[in-house]
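Enquirer: Structure incoming, see below.
The values are calculated or read from the model by the stated rules, or taken from the named source; none is laboratory data. No experiment lies behind these values; they were computed from the predicted model shown. Glycine also receives a Cβ, built like all others from the backbone with ideal geometry; neighbour counts cover every protein chain displayed.
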Amino acid sequence: MGIQGLTKLLGDAAPGCMKEQKFENYFGRKIAVDASMHIYAFLVVVGRQGDQMLTSETGEVTSHLQGMFFRTVRMLEAGMKPVFVFEGKAPELKREELAKRSNRREDANTELEAAKEAGNAEDVEKYSKRTVRVTREHNEECKRLLRLMGVPVLEAPSEAEAQCAQLCKDGLVYGISTEDMDSLTFGTPKLIRHLMAPSSQKPLAMEFDHELVLKELELTEDQFIDLCILCGCDYTAKISGIGAVRALSLIKKHGSIEGVLAALDSKKYQIPEPFPYQEARRLFKEPDVVKGDQIPQLKWTSPDTEGLIDFLVKEKTFAEDRIRKAVERINAAKGKASQGRLESFFGPAKVVSSTMGKRKEVPVAAKGKKGSSGAAPKKGKLGGMGKKK
DNA sequence: ACTCTGAGTCGAGACGGA
DNA sequence: TGACTCAGAGT
DNA sequence: TCCGTCC
């Protein structure tokens with residue numbers, strides 16, 4: 001669920017923390033990705049006709065592999081270095097939320113049966129999407145696929161978004177690509193939305209900068225976490241009648257959830273019972289993650305062509321020439337990527353180095369005030385090099 | 001006037017040939 | 001499952 | 001760019 005209303009709040013109250021970015025600007029950059037979210041989306045949408053999905057000869061679903069394979073190829077081709085982070089065990093506080101989702105799936109299942117019975121194709125489509133669940137097998141198959149592609153895979157002890165944020169804090173990735181705003185609550189220095197939207201479509205990638213979020217909202221990090229909890233997060237119920245706007249002004253006025261609760265008119269606003277906001281705060285502030293030198297080294301290697309053929313073609317009945325062509329694209333991109341890094345090394349100082357340690361990667365272009373947008377700044381261009389081969 | 005809610009809707013991938 | 005809209009009610 | 005297909 002993320003943080004309710006946070007995107008809109010930031011757009012209104014902290015527009016300077018968001019910056020549009022072109023797809024090409026991620027050339028050469030390391031990007032952390034929550035794998036489970038992607039797998040889920042692929043299962044919902046890839047190759048779906050009614051309640052049918054893509055399957056191998058033996059009837060096993062392959063939608064997640066189709067989606068994951070070609071998306072990863074796209075990322076590599078764009079010169080990105082993705083690291084996929086897999087979800088671990090959910091924290092206790094999230095169990096209730098997860099149970100709700102599970103119940104909703106149950107309901108969708110019965111609706112689905114009814115729709116099939118009635119022969120209502122539209123409803124079959126609708127409800128079958130809601131029954132989608134990412135299984136251990138989906139996850140394992142995607143890990144196997146990614147390893148064959150030469151892309152690093154990381155197992156999070158708990159929340160994937162928290163682990164992604166930690167990678168970014170440790171300087172191991174430039175940013176994290178997600179649609180889930182609670183990564184910001186976990187403190188990722190940089191969050192990238194709509195990274196995968198094709199350039200033909202309108203929405204450019206949008207970067208959120210954590211430091212600027214705090215600066216523009218004039219909050220400390222602790223206060224920002226409290227704000228997110230009040231807005232509504234996965235870990236606690238929210239106070240009915242308090243949305244993002246009121247939450248912000250309350251936190252500003254009273255400094256913390258404790259202060260807000262002490263000052264709230266309990267006749268107007270009902271505090272949920274229980275309201276484990278302290279535990280939620282702890283989960284955001286000190287989530288269960290692997291950090292620092294405990295993190296295994298992230299390595300991007302050449303794809304294992306024959307391994308991919310064995311897996312995707314022999315086991316999962318993918319078309320061999322499609323796979324081979326895609327692998328070639330990856331290899332071509334690898335060549336360009338190393339050349340690109342070299343050029344950026346000698347090139348104009350504008351170009352960002354993605355090595356760890358340094359922060360403050362992007363020169364925050366002109367403090368854009370109100371809405372604006374008016375085309376991305378587009379500074380030093382990279383990737384314009386020609387020839388090669 | 002502003003804010004929040006709840007019900008409704010929609011669309012969510014990527015490729016490649018026409 | 002979110003994001004966006006629109007109604008309506010509360011502050 | 002649209003639209004059928006990927007498995």
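Enquirer: So which residues in region A:244-273 are part of a loop (DSSP other than H, G, I, E, B) and at pLDDT 95 or above?
Expert: Scanning region A:244-273 gives A:G255, A:S256.
Enquirer: Going by what's in this entry, would A:T110 be described as within 16 Å of DNA strand C (Cβ to nearest atom), at pLDDT 90 or above and outside any loop (DSSP other than H, G, I, E, B)?
Expert: no
Enquirer: Could you please tell me which pairs satisfy a Cβ distance under 7 Å, a separation of 6+ or placement on different chains, a first residue in region A:121-132 that is free of Cβ contacts under 8 Å to residues at least 60 places away in the same chain, and a second residue that is of a type in the set (G, A, S) and more than 16 Å from DNA strand D (Cβ to nearest atom)?
Expert: Cβ pairs passing all conditions: A:D123/A:A115; A:Y127/A:A108; A:Y127/A:A115; A:R130/A:A108; A:T131/A:A108.
Enquirer: Within region A:248-284, which residues are in contact (Cβ under 8 Å) with a residue 60 or more places away in the chain and among the aromatic types (F, W, Y)? I'd like the intermediate steps shown before the answer.
Expert: Taking region A:248-284 as the starting set, the residues that turn out to be in contact (Cβ under 8 Å) with a residue 60 or more places away in the chain are A:248, A:276, A:279-280, A:283-284.
Listed by number, the list holds a single entry, A:F284.
Enquirer: Tell me which residues, restricted to region A:47-63, are away from DNA strand B (no atom under 12 Å from the Cβ) and assigned to a strand (DSSP E or B).
Expert: Within region A:47-63, A:T55, A:V61 qualify.
Enquirer: Listed residues A:S102, A:S36, A:S56, A:S128; which is modelled with pLDDT of 90 or more, within 16 Å of DNA strand C (Cβ to nearest atom) and among the small types (G, A, S)?
Expert: Testing whether each residue is modelled with pLDDT of 90 or more, within 16 Å of DNA strand C (Cβ to nearest atom) and among the small types (G, A, S) leaves just A:S36.
Enquirer: Just one of (1) at negative phi; (2) in contact (Cβ under 8 Å) with a residue 12 or more places away in the chain; (3) within 14 Å of DNA strand B (Cβ to nearest atom); (4) surrounded by 17 or more Cβ atoms within 10 Å (Cβ to Cβ) trips up A:G2, so point out which.
Expert: Looking at each condition in turn, A:G2 falls short on (1).
Enquirer: Then there's this: Quick check on region A:74-96. Is at least one of its residues within 16 Å of DNA strand D (Cβ to nearest atom) and closer than 30 Å to A:K325 by Cβ?
Expert: Checked against the condition, which is being within 16 Å of DNA strand D (Cβ to nearest atom) and closer than 30 Å to A:K325 by Cβ, region A:74-96 yields at least one hit.
Enquirer: Something else: Kindly check whether there is at least one residue in region A:10-20 that is in a loop (DSSP other than H, G, I, E, B) and either within 19 Å of the chain's Cα centre (by Cα) or free of Cβ contacts under 8 Å to residues at least 40 places away in the same chain (or both). Show your work before the answer.
Expert: Of the residues in region A:10-20, the ones in a loop (DSSP other than H, G, I, E, B) are A:14.
Then keep just the ones that are either within 19 Å of the chain's Cα centre (by Cα) or free of Cβ contacts under 8 Å to residues at least 40 places away in the same chain (or both); that gives none.
Scanning region A:10-20, I find no residue that is in a loop (DSSP other than H, G, I, E, B) and either within 19 Å of the chain's Cα centre (by Cα) or free of Cβ contacts under 8 Å to residues at least 40 places away in the same chain (or both), so the answer is no.
Enquirer: Return yes or no: is A:L184 under 22 Å from A:E286 (Cβ atoms) and among the hydrophobic types (A, V, I, L, M, F, W, C)?
Expert: On the way: under 22 Å from A:E286 (Cβ atoms): yes; among the hydrophobic types (A, V, I, L, M, F, W, C): yes.
It is true that A:L184 is under 22 Å from A:E286 (Cβ atoms) and among the hydrophobic types (A, V, I, L, M, F, W, C).
Enquirer: Taking into account only those residues within region A:210-251 that are within 15 Å of A:D12 (Cα to Cα) and among the charged types (D, E, K, R), which is nearest to DNA strand B (Cβ to nearest atom)?
Expert: A:R246
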